[in-house]
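The values are calculated or read from the model by the stated rules, or taken from the named source; none is laboratory data. On a predicted model such as this, the values are computed, not experimentally measured, just so you know. Note: ideal-geometry Cβ built from the backbone for every residue, glycine included; neighbour counts use all protein chains shown. For the accessible areas, the whole protein counts, side chains as well, though only heavy atoms, and no ligand, DNA or RNA atoms are used. Shrake-Rupley method; radii C 1.70, N 1.55, O 1.52, S 1.80 Å.
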Amino acid sequence: MADLQVDVDALAAAVVANSLTIRALVLLAGAVLTFFMQTGYAMVHVGCVQLKNTKNTLITNVFDSALASMVWWLIGFGFAFGDSDSSSNPFIGSDGFALSGSEFRGDDPSSLLAIRWAWWLLQWAFAGTTVTITSGAVAERITWPAYAMYSAVFLGFIYPVVVYWAWSMDGWASPYLSASDDLLSNCGVIDHAGSGVVHVSAGMAALVGAAMLGSRHGRFIEGIAREMPKASWVYQTLGTLILWFGWFGMVGSIGFGYTSGGDSLVAARAMVNAAIAAGTSCLTCVILSQLLDTVLSMEAANNGILSGLVAIAAGAAVVEPEGAFVIGFIAALCYFFGARLLVKIQVDDVVNASPVHLCAGAWGLIAPGLFATGELYQGAYGVIGGREQTCCGAFYGCSGDQLGAQLAFLVVIVCWVGTLVAATFFVAKVTVGLRLTTDIEDVGMDLSKHGGLTLAAVTGVPPVLQHLA
Amino acid sequence: MADLQVDVDALAAAVVANSLTIRALVLLAGAVLTFFMQTGYAMVHVGCVQLKNTKNTLITNVFDSALASMVWWLIGFGFAFGDSDSSSNPFIGSDGFALSGSEFRGDDPSSLLAIRWAWWLLQWAFAGTTVTITSGAVAERITWPAYAMYSAVFLGFIYPVVVYWAWSMDGWASPYLSASDDLLSNCGVIDHAGSGVVHVSAGMAALVGAAMLGSRHGRFIEGIAREMPKASWVYQTLGTLILWFGWFGMVGSIGFGYTSGGDSLVAARAMVNAAIAAGTSCLTCVILSQLLDTVLSMEAANNGILSGLVAIAAGAAVVEPEGAFVIGFIAALCYFFGARLLVKIQVDDVVNASPVHLCAGAWGLIAPGLFATGELYQGAYGVIGGREQTCCGAFYGCSGDQLGAQLAFLVVIVCWVGTLVAATFFVAKVTVGLRLTTDIEDVGMDLSKHGGLTLAAVTGVPPVLQHLA
Amino acid sequence: MADLQVDVDALAAAVVANSLTIRALVLLAGAVLTFFMQTGYAMVHVGCVQLKNTKNTLITNVFDSALASMVWWLIGFGFAFGDSDSSSNPFIGSDGFALSGSEFRGDDPSSLLAIRWAWWLLQWAFAGTTVTITSGAVAERITWPAYAMYSAVFLGFIYPVVVYWAWSMDGWASPYLSASDDLLSNCGVIDHAGSGVVHVSAGMAALVGAAMLGSRHGRFIEGIAREMPKASWVYQTLGTLILWFGWFGMVGSIGFGYTSGGDSLVAARAMVNAAIAAGTSCLTCVILSQLLDTVLSMEAANNGILSGLVAIAAGAAVVEPEGAFVIGFIAALCYFFGARLLVKIQVDDVVNASPVHLCAGAWGLIAPGLFATGELYQGAYGVIGGREQTCCGAFYGCSGDQLGAQLAFLVVIVCWVGTLVAATFFVAKVTVGLRLTTDIEDVGMDLSKHGGLTLAAVTGVPPVLQHLA
């Protein structure tokens, strides 16, 4: 009898270890897929710029990954998740720098430690892809030192703080706060895979950066927008499809970082919602481009996909497929008319990062306040004590508490990121210089900055061939 | 003692939950990899068309993914797997439309529900890649409305019905029928990952479409085939390798949708067989091209890989590696001489989709009737009552029952898909118009239909550069 | 009571089966990601050659995958892991040819067999990517028969023997030897994911091949190196990022092939170390290129990533992140100055495979002898009896035993691979011919060997456009 009890206890421990191992492996798989999005953005961006900036654009994306390894390791993760036992600071983390501390190197069972290391890797991949979004918006005219300065500050401070607010256990907007009295708008924000944390942040940085830099030469001539040559539709589409591929990993895995969300049903529903929102948004954009511009626009199709994915990120785990459909549909409108507005106000966002990430992201962050269902909220966040009856979406019978939390968080990150990114670019302007000289911009950076043979630099290539790729 | 029993029961439930979670996660991973095949087909297709149709080809592939989200969600999955309790209709499903019904939203444990949502996603990915195969065959001359009509009908009706027949629990050709008297040819069809369901269907649609459309201008001049410029070998090869990568996910995961096939050994053997069949077929095609055409043909190498993968899909889980070798070898012959036959009958299949998917797919569907072993059949299908001794391959000591089932299913899907696709294209012809006007075809669709700057359209590009990409 | 015991025993078996299933699935996922590296190398290589050899370069990479399927299946795996019960031969395996033998087809539980089939697939993927590394170094001037001969011999004999030495249970350098008296330098070699087995082997083959072939026409003119046109920076960067993506699968999964290393913490730490080493090496190379060449070199950035990944492969599971940082930093120096040395000695390695794989690989193989910690060594290798106190790195308090093992293994594989590859190329030279004729090299192989339309062949393309892609 005693022996049997020992056997059962050992078995129980083995079963728990298996569960934890599964969670760690899902996080690792998600990290790898999320990291692949770096490739997606590289392809989208290099497809959207002029051939004369091919190397410059590619190296920027590669550099962001590399810099993320350093900055996220040394300080970013610590600010984003560092969980100091002594205090419950709602603003910024203060532990786990350089993968140190008992959280990573302590004596806990290896299956628990594994989850933390895997979580670090997933969040590293998130950070790298987030910062690189902005690089597309400011391409072709920003100086390299200014971009490097922005990238380091964003990775090391601006972004991790936003992460801490929503995704840590102690952030002021976190739905995971243990003391329910402290919950933002009695609920905390729902931002599963980062419509707000990732996309509003990156999109706002893109908008501020593109506006402060001014437009590329020739983009607006006497107030009329001129289409600039883009290197390759093939690269853009390849990149977009790689991003969709990676997105499944992102929305499917992140829940496994939390005790409550580590559930294959949460993952499966989030991924199905991503498929539906992306498809809806793509079709809507294609139809809009046909109706309003009388063309089936490749750019609308691709950015339609991305906008749907951006918008579903926040609510993927807590909305029904019908909700995902509506979210995708409205995301398309946000992108489509956001892009037109951008032209009207003469901001030159080379890859349309702000319509995709800021406009669709803001809508996506608001959406769970309308479409979250109580049952799914409970499933994804493991809430107890009736919160699922007060923190679901306004369209699903709850009060506006959740909607209030979403709006409050949106306003704060827009202000936070906008202010700090503007300050960073301002400092860059007065120190290392923000914008290339006219000569260098016209010739392209590949010739002047990156060495080796280049196409456009060697001359002899008629402008018409700039589309070739 | 009673306490211990309670502990053990709880443990048993936790162990089952872990198993189900693993199954769901494998299906999700498989879905993501299968979805990535969309990227593979996009790259293969854009590499095979002329530069003047770059955008048109890309947008078609993207559009198929987006449309699949809508159509598969609203009706496709319901027709393919909708398992109405009241009836056991052998022809078409009738439940689960729009992800509704107790199957998806009922009170079952979340680990069970997760498998169903994950299965939906995997099957969505299958549907999207299947319909897009055909787009390559009809490229460069089909009107957009005609293609959209085909795509919607194929996704919403033609294809899901075929799926139901072979992969549901109630289809007339399904090996999972509970009443063994009803089994097709006493066995039901073996079509693990769709040599028939996916590839014969798509390949037949490709053949019918390409034949009804007629060849591109300049493809056959006075009966002599002329090689048309292809945009890029790099894109073709990138696409082919992406497809191989995704294929592993497809053949490895689909078994986990069934209680009987959710076994890592089944998955591992299927994936190993895919590696061997693809390699064999590639080498055979390369050698054939050297012997018969005195060149090492890139197209033969790439399509050799795809043909081997197409052919192994049906039997991947039930044949030994030696069987996979023979299947790959004969798949190469099917493709190689199928492609020559196509030229002889002057059908212009831009990407050779019919030799790859119809010829090699038909062979692949027949092959398990010859090469399935009883032991592996039992492992993959969990059959009881001696079926493994009568339903294995003719070369492994069984009677011809299984071979009969494979042949019967092949004939039926060829007729079903051929008739309905022909009818769809006919309706398109008399309503929206099937073929582009000569002028538009010659200029390319990028200029006339998709807006923005295009390469070939802006003139000034010598034809020789059309190969550049 | 007896019933309960039966229940508990059944449960215990189910728990073990779940654990084994997880291990098999991780190996399969790792195999798929590792296989995708084939795509990465294809893109890197095709981006580095001149446009006139586009098809030739692509078909070589595809061919290597296909040939690996055949050769690894028939003989390679048997030499690499064939575990003959009767003898404990330290030099070469002798069982498991053509996936035969009780190891693969015996009566063991399916979850055990699954691990072996999955292991085969992972090792097949390793073999295919290893052999293809060399193809980049010898591109643009080697004859097809000579390359095919090299590829078959390397896959079938040279490489599997090296694998056996370090990764089997009986190899002379294996850390898994049961008799501790036989351990190389009392420790056995630490080469987790192959800095030595994979990269030193492939890099040595690349160096020998490139040196024996001589440089491409025009690469060195009167002793001065001339930069040759490269087809596309986009392809190179796409390939590099795909390789990084696949690398995570490689370093994360391989431990699951061993009872001792099948631990999610080992995987997570290895993957985190890969991120840190790659990022460090990339940044270091970028800074070096700015300081020494006054450009931000794309090639330095990309090859910096690869060098960091190559170097961390051996020690990924046993070093702390600080160790990974130093390893990545020094890997960058190895690559950067290795590439310069190569120019100085006028060896024309088209893709710089030898600085990346041989220089950084050699450093990576030595590194665990300095940076392995005892605790992590114990975790990854499951050693008992105090080996973790004598076989860790010299910087972490152990004696030089481990360092001695690393150095000994390095010297032996350099000699083994160097001698045999030189012999193979020599045989090729005197039989089928090693180097293309001048005419064919100047025109490019696409025209003469691979049929169909080609760009450069059709003439009319000004040399300046050779960069276009």
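Just checking, does the range A:363-376 include any residue being at negative phi, crowded, with 24+ Cβ neighbours inside 10 Å and within 14 Å of chain B (Cβ to nearest Cβ)? Within the range A:363-376 (the criterion being at negative phi, crowded, with 24+ Cβ neighbours inside 10 Å and within 14 Å of chain B (Cβ to nearest Cβ)), the answer is yes, since at least one residue qualifies. The residue pairs whose first member lies in the range B:377-388 and is more than 10 Å from B:Pro175 (Cβ to Cβ), whose second member is assigned to a helix (DSSP H, G or I) and among the hydroxyl-bearing types (Ser, Thr, Tyr), and whose beta carbons are closer than 6 Å, counting only pairs six or more residues apart or on different chains, are B:Glu388/B:Tyr377.
Within the range B:263-280, can you find the residues that are open to solvent by 10 Å² or more (accessible area, probe 1.4 Å) and more than 7 Å from chain C (Cβ to nearest Cβ)? Hit for the range B:263-280 is B:Val266, nothing else.
Can you tell me which residue is most open to solvent (accessible area, probe 1.4 Å) among those in the range C:210-233 that are of a type in the set (A, V, I, L, M) and at pLDDT below 95? In this case the residue turns out to be C:Ile224.
Residues checked against (1) within 12 Å of chain A (Cβ to nearest Cβ); (2) within 19 Å of the chain's Cα centre (by Cα); (3) open to solvent by 10 Å² or more (accessible area, probe 1.4 Å):
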site: C:Gly304; (1), (2), (3): yes, yes, no
site: C:Leu309; (1), (2), (3): yes, yes, no
site: C:Leu333; (1), (2), (3): no, no, yes
site: C:Phe337; (1), (2), (3): no, no, yes
site: C:Asp348; (1), (2), (3): no, no, no
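Of all the residues in the range A:377-389, those that are surrounded by fewer than 17 Cβ atoms within 10 Å (Cβ to Cβ) and within 17 Å of A:Asp182 (Cα to Cα) number 3.
If a residue has to be under 17 Å from C:Ala314 (Cα atoms) and of a type outside the set (Asp, Glu) to count, how many in the range C:401-437 make the cut? Looking only at that region, the number is 13.
Restricting the search to helices (runs of 4 or more DSSP H) fully inside the range A:312-371 and requiring at least 3 residues that are at pLDDT 95 or above and of a type in the set (A, V, I, L, M) gives A:321-344, A:360-366. Being within 14 Å of chain A (Cβ to nearest Cβ) and among the β-branched types (Val, Ile, Thr), is that true of even one residue in the range C:181-190? Taking every residue of the range C:181-190 in turn, none turns out to be within 14 Å of chain A (Cβ to nearest Cβ) and among the β-branched types (Val, Ile, Thr).
Only helices (runs of 4 or more DSSP H) wholly contained in the range A:52-168 count here; list those with 3 or more residues that are among the polar types (S, T, N, Q).
In the range A:52-168, A:54-71, A:110-137 are the helices (runs of 4 or more DSSP H) which contain 3 or more residues that are among the polar types (S, T, N, Q).
Determine whether A:Leu27 is assigned to a helix (DSSP H, G or I), in contact (Cβ under 8 Å) with a residue 24 or more places away in the chain, open to solvent by 40 Å² or more (accessible area, probe 1.4 Å) and more than 7 Å from every other protein chain (Cβ to nearest Cβ). Answer is no for this residue.
Take C:Leu207 and tell me if it is away from chain A (no Cβ under 12 Å) and either within 15 Å of the chain's Cα centre (by Cα) or crowded, with 24+ Cβ neighbours inside 10 Å (or both). In short, yes.
Taking the range C:99-121 as the range and being surrounded by fewer than 16 Cβ atoms within 10 Å (Cβ to Cβ) and at pLDDT 95 or above as the test, no residue passes. Those residues that are in contact (Cβ under 8 Å) with a residue 24 or more places away in the chain and more than 14 Å from chain C (Cβ to nearest Cβ), I need them from the range B:220-249; list them, please. Of everything in the range B:220-249, those that are in contact (Cβ under 8 Å) with a residue 24 or more places away in the chain and more than 14 Å from chain C (Cβ to nearest Cβ) turn out to be B:Phe220, B:Gly223.
Please tell me if B:Phe91 is surrounded by fewer than 24 Cβ atoms within 10 Å (Cβ to Cβ), of a type outside the set (D, E, K, R) and either more than 23 Å from the chain's Cα centre (by Cα) or under 30 Å from A:Asn302 (Cα atoms) (or both). So B:Phe91 fails the test.
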